[in-house]
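Undergrad: Let me begin by handing over the structure; questions about it come next.
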Amino acid sequence: MNSITVIGSLNIDIVVRSARVPNTGETIAGTELHIIPGGKGANQAVAASKAGAPTRMIGCIGNDAFGQELTRSLSLAGVNSEGVSILQGVTTGTATILLEETGENRIIIVPGANGQVTPQQIDALWSSVVESKMILLQMEIPLETIAYIIKKASANKIPVLLNTAPIYPLPEDLYPLIHTLVANETEAALLSGRSVTDQATALAAAKSICAKGVNTCIITLGAQGAILYNQTGSLFQPSFKVKVVDTTAAGDTFVGVYAACVLAGRTTAESMKFASAAAAIAVTRLGAQTSMPAWQEVLQFLGSVGD
Ligand code: RIB
């Protein structure tokens, strides 16, 4: 089936908004508290589904209200959540997000059930995974499971898009098995061993990541745009200028929409443009899954900026 399988994390985001973050030992008053569905895996599934891709989610939640809220949010976005297991004796993952007035954030994750996504769970669901045309992965589930999925997908010729967030070193033998790797500037710097500050340094980093065996590398540079590199060449997508409210899940929106566009047969240039536009809309709104635009909004946005 022409569909995407996302295997990854589901978190409830506990968002505390304040003018600034406190210093060590300091107590300050915040202005707002929000409980919002998030988690990089679930976010990317929602973004892909809203962009029109038939999408299924595989992951783990606890038997609690947070878990129920996450499956509700997936279902509202049209994501098939039959592959999300409800585990006993463990809490649903959470992310406590300190959000400053500038829109910048600091996040502390408590993985909970996300830490229990195992190769056995993947095997049990494989007959449905193998029908999909693309697998999206991030790094909020155990590395052992990520490596297992990448190897199994490669053996079954299913392209894997890995978003290397949150970053930690990847085993070298995985690179040649990854079709598309999407990293932000910090992640790209760690993976390539090069400083990444602008378009030129991002291109150099993308080339060195591809030299490890990845087919296509995309490096997102926030307000500076995004660059894609593969054997056919490189492509730079400038960012769209918007008023930033909250940058949470901008990267997830980019990844989910990019994947949906590729699945729909759009060109690389179109896919990068739609992904950037959707991410630009997402940063103008509060929260993770709550900020992701419907496809029609992406089209309207592009029309409004004359693109
Ligand atoms: O990428 C944003 C996400 O990172 C948040 O939704 C939070 O849950 C963390 O996983």
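The values are calculated or read from the model by the stated rules, or taken from the named source; none is laboratory data. What you see is a predicted model, and the numbers here were worked out from it, not measured in a lab. Counting neighbours? That spans all protein chains shown, and the Cβs are built from the backbone with ideal geometry, glycine included. Note: accessible area is taken over every heavy atom of the protein model, side chains too, but ligands, DNA and RNA are not part of it. Shrake-Rupley method; radii C 1.70, N 1.55, O 1.52, S 1.80 Å.
Undergrad: Enumerate the pairs (first residue in the stretch 263-275 and assigned to a loop (DSSP other than H, G, I, E, B); second residue anywhere and of a type outside the set (Lys, Arg)) with beta-carbon separation below 8 Å, excluding pairs fewer than 6 apart on the same chain, so at least 6 apart or on different chains.
TA: Ala264/Gly52; Ala264/Ala53; Arg266/Phe274
Undergrad: Among the numbered criteria (1) open to solvent by 50 Å² or more (accessible area, probe 1.4 Å); (2) among the charged types (D, E, K, R); (3) at pLDDT 95 or above, which one does Glu101 miss?
TA: Here Glu101 clears every test but (3).
Undergrad: I'd like the full set of residues that are within 16 Å of the ligand (Cβ to nearest atom) and either charged (D, E, K, R) or over 13 Å from the mean Cα position of the chain (by Cα) (or both), limited to the stretch 227-261. First the steps, then the outcome.
TA: Keep residues of the stretch 227-261 that are within 16 Å of the ligand (Cβ to nearest atom), which gives 244-259.
Val244, Val245, Asp246, Asp252 - these are the residues of the stretch 227-261 that are within 16 Å of the ligand (Cβ to nearest atom) and either charged (D, E, K, R) or over 13 Å from the mean Cα position of the chain (by Cα) (or both).
Undergrad: On to the next question. Between a residue in the stretch 246-262 that is in contact (Cβ under 8 Å) with a residue 24 or more places away in the chain and within 14 Å of Leu161 (Cβ to Cβ) and any residue that is within 9 Å of the ligand (Cβ to nearest atom) and assigned to a helix (DSSP H, G or I), which pairs come within a Cβ distance under 6 Å, given they are 6 or more apart or on different chains?
TA: Asp252/Lys40; Asp252/Asn43; Asp252/Gln44; Val255/Gln44; Gly256/Gln44
Undergrad: Output the residue which, of all residues in the stretch 156-170 that are closer than 26 Å to Thr186 by Cβ and open to solvent by 60 Å² or more (accessible area, probe 1.4 Å), is farthest from the chain's Cα centre (by Cα).
TA: First, the residues of the stretch 156-170 that are closer than 26 Å to Thr186 by Cβ: 159-170.
Subset that is open to solvent by 60 Å² or more (accessible area, probe 1.4 Å): 168-169.
Numbers: Tyr168: 15, Pro169: 18 Å.
Per the criteria, the residue is Pro169.
Undergrad: Another question about this same structure. Return the residues of the stretch 82-133 that are within 12 Å of the ligand (Cβ to nearest atom) and polar (S, T, N, Q); say none if nothing qualifies.
TA: Thr92, Thr94, Thr96, Asn105, Asn114
Undergrad: Here is a further query. Might you check whether a residue that is of a type in the set (Val, Ile, Thr), farther than 28 Å from Asp13 by Cα and open to solvent by less than 10 Å² (accessible area, probe 1.4 Å) occurs anywhere in the stretch 253-269?
TA: No; the residues of the stretch 253-269 include none that is of a type in the set (Val, Ile, Thr), farther than 28 Å from Asp13 by Cα and open to solvent by less than 10 Å² (accessible area, probe 1.4 Å).
Undergrad: In the set Ala124, Ala153, Ala147, which member is among the small types (Gly, Ala, Ser), crowded, with 23+ Cβ neighbours inside 10 Å, part of a helix (DSSP H, G or I) and modelled with pLDDT of 95 or more? Before you say what the answer is, go through the steps one by one.
TA: Values: Ala124 fails: crowded, with 23+ Cβ neighbours inside 10 Å; Ala147 fails: crowded, with 23+ Cβ neighbours inside 10 Å.
The unique qualifying residue is Ala153.
Undergrad: Just name the residue that is nearest to the chain's Cα centre (by Cα) out of those in the stretch 7-65 that are part of a loop (DSSP other than H, G, I, E, B) and among the hydrophobic types (A, V, I, L, M, F, W, C).
TA: Leu10
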